[in-house]
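To keep things clear, I will list the structure first and then write my remarks on it.
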Amino acid sequence: MKRIAPLAVAPLLALGVMATAPTASAQKFGHASPVTSSVLTTSVVSLAVITAPVWLSSLGVSEVHDAAARRKRAKREATRAGPLPPLTVERVQQQADGSYEVALQNPQAPQDLAVVAWPARADNPAAGVKVGDVLDFTPTPIGAGWTVAAADGTALAFLPTSDAAAQSMSERF
């Protein structure tokens, strides 16, 4: 049975209890005035008619929220930074704007190529990198990117995943 079934029954049971309880007390007052009984009955029915759609729609909204949360969690896990092998620097090229492009190759699989572009800045990590260097890419614990380190273990930079870079409040990593 789906999870929503018990939640949908609860408001209907509450409506049933509300509809019968005031009617019984209205019958006591019915001897005093027939208007009192009809006013109480009309009030209970009006309350049920007005609030029932709110209860039912809130059930639907919670189901939509749960589905969206599951999709978001699945997407976040799918774009996590994973382990990468050490990569060899094949080319370091400084661009006209001061940025660097570093071409990388996987020594175990020469067909696996990558290019890392670092924007221009005074402490550019690519400035000290040369052809033949081996760079180590260690994923961060939460999977937002990799810590790029030289062969001697010196951390050069943080390289975010594309999703982490798109969601970042900062332009500099």
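None of the figures in this text is laboratory data; all of them are computed from the coordinates on show. Note that this is a predicted model, so its numbers are computed, not measured. Cβ sites come from the backbone with ideal geometry, for glycine too, and all protein chains shown count toward neighbours.
Structure data summary
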{"quantity": "Sum of side-chain charges, D133 neighbourhood, beta-carbon under 13 Å (Lys, Arg +1; Asp, Glu -1)", "calculated": "-1"}
{"quantity": "11 Å beta-carbon shell around V102, net charge (K/R +1, D/E -1)", "calculated": "-1"}
{"quantity": "5 angstrom amide H check on D133, placed H, neighbours 5+ away", "calculated": "V89"}
{"quantity": "Summed residue charge, Cβ within 14 Å of G153's Cβ, Lys/Arg positive, Asp/Glu negative", "calculated": "-3"}
